[in-house]
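Encoded as structure tokens, the structure appears first; notes follow it.
The values are calculated or read from the model by the stated rules, or taken from the named source; none is laboratory data. Note that the structure is a prediction, hence the values are computed from the model and not measured. For neighbour counting, all protein chains shown are included, and Cβ atoms are generated from backbone atoms with ideal geometry for every residue, glycine included. For accessibility, only protein heavy atoms count, side chains too; no ligands or nucleic acids. Shrake-Rupley method; radii C 1.70, N 1.55, O 1.52, S 1.80 Å.
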Amino acid sequence: MVEAAGNRAARDFETEEEAIQVIRSLNREIRKAGEKTIAEAKEEYEVYLRDEKQNKERSYTATLWRLGIFFPDAELSLPALTPPKCAGYYQALRVRETKYRKPLAVDSHRNILAEARTFLKWCMGRGYLRANPLEGVEGTGKRRHGKPQLRIDEARKWQARALQLADEGEGGAVAALVTLVMGLRAGEVVSRVVRDLDDGGGLLWIPDSKTEAGKRTLQVPEVLRPHLVALAEGKKSDELLFGYHDRNWPRKWVGRICKAAGVPRVTAHGMRGLHGTLAVETGISAHAVAAALGHESVTTTLQSYAKAGAGAGARQEKVLTVLAGGKKSEESAA
């Protein structure tokens, strides 16, 4: 126990339950003195994320869930979060087992650490902390960038099978095609309403996204226009273009088409990444690709979406319309 003056004393208890009761009692006294607990700060942080930052419910709910994982004792006062204690929290997180009895992935525990650090920085701004006890705690392990992608020949086979299913009236195949041909996130696909399809099916508006850069208007390729127009036919302007589905729907369809086409199974995120890779490879600038994918940073596009070497190929040969079966120009081939 540490008093306000800094004096330390140790106390022993016969049972853990008794010790926990004393801790709770002390925390109640601390709250009376005006110090915020983690739980109280999280409640205010939720209001900030929801009302000030205007994050979507799914986003701020996930953030609060991650903070709950990182800070196991919600009744602890914020000033009690010392650098050693926070370092211990991160160490415990790194070895925390998932439901499959495996440690958390590097990306997972490093992302949670980053969100915890941001939360404590916000607490500093509110005057609840003098310093950020996570400032010196660095994430460990190498992050993975990007998802597995199909090769070009495989992508052509996948697209041919997807178009065949779309011609048969399968809306899920159209949704899956949008992730590849237009590079949309699965959540962006299922949240489109009829009025977002504009100019006779030539434009698709993305008016809301998890980032400002995600708000964009994209041209609809000719191969997709008749399918999207058919989906919109007979629906009111505010109705969902694809009907009511969660964001797992396009993901499942991507996998289903992979199986039907006889190509390796990839994710919808991988298809979005392939869109970025092919766009960069065919000579579109990284900035243009980043804008189309809704990224705020070109670095995100190049690290996580466009495969290594894609930009170099564009500078050398300017490949033409890969998925349509276009070949290099005779001049470059020579």
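Each residue in the range 246-266 was checked for being surrounded by fewer than 18 Cβ atoms within 10 Å (Cβ to Cβ) and under 21 Å from the mean Cα position of the chain (by Cα), and 6 pass.
Of the residues making up the range 160-180, those that are under 25 Å from the mean Cα position of the chain (by Cα) and of a type outside the set (A, V, I, L, M, F, W, C) number 3. Any residue that is among the aliphatic types (A, V, I, L, M) and open to solvent by 90 Å² or more (accessible area, probe 1.4 Å) - is there at least one of those in the range 6-13? Within the range 6-13 (the criterion being among the aliphatic types (A, V, I, L, M) and open to solvent by 90 Å² or more (accessible area, probe 1.4 Å)), the answer is yes, since at least one residue qualifies. For the range 205-229, the set of residues classified as modelled with pLDDT of 90 or more, in contact with a helix residue (DSSP H, G or I) (Cβ under 6 Å, 6 or more places away or on another chain) and within 23 Å of D167 (Cα to Cα) consists of H227 only. Among the residues of the range 211-262, those that are farther than 27 Å from K56 by Cα and β-branched (V, I, T) comprise V223, V229, I257. For the structure I just gave you, tell me whether G136 is within 22 Å of I38 (Cβ to Cβ), open to solvent by 50 Å² or more (accessible area, probe 1.4 Å), in contact (Cβ under 8 Å) with a residue 24 or more places away in the chain and not in a helix (DSSP H, G or I). Taking the combined requirement at face value, the residue satisfies it.
Quick grid of which residues meet (1) part of a helix (DSSP H, G or I); (2) without any contact (Cβ under 8 Å) to a residue 40 or more places away in the chain; (3) more than 25 Å from L49 (Cβ to Cβ); (4) under 22 Å from the mean Cα position of the chain (by Cα):
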| position | (1), (2), (3), (4) |
| --- | --- |
| G183 | no, no, yes, yes |
| G187 | yes, no, no, yes |
| T217 | no, yes, yes, yes |
| V223 | no, no, yes, no |
| Y244 | no, yes, yes, yes |
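When D153 is tested against (1) open to solvent by less than 40 Å² (accessible area, probe 1.4 Å); (2) of a type outside the set (G, A, S); (3) assigned to a helix (DSSP H, G or I), only condition (1) is not met. Answer yes or no as to whether G202 is touching a helix residue (DSSP H, G or I) at 6+ places or on another chain (Cβ under 9 Å), farther than 24 Å from G270 by Cα and at pLDDT below 90. It is true that G202 is touching a helix residue (DSSP H, G or I) at 6+ places or on another chain (Cβ under 9 Å), farther than 24 Å from G270 by Cα and at pLDDT below 90.
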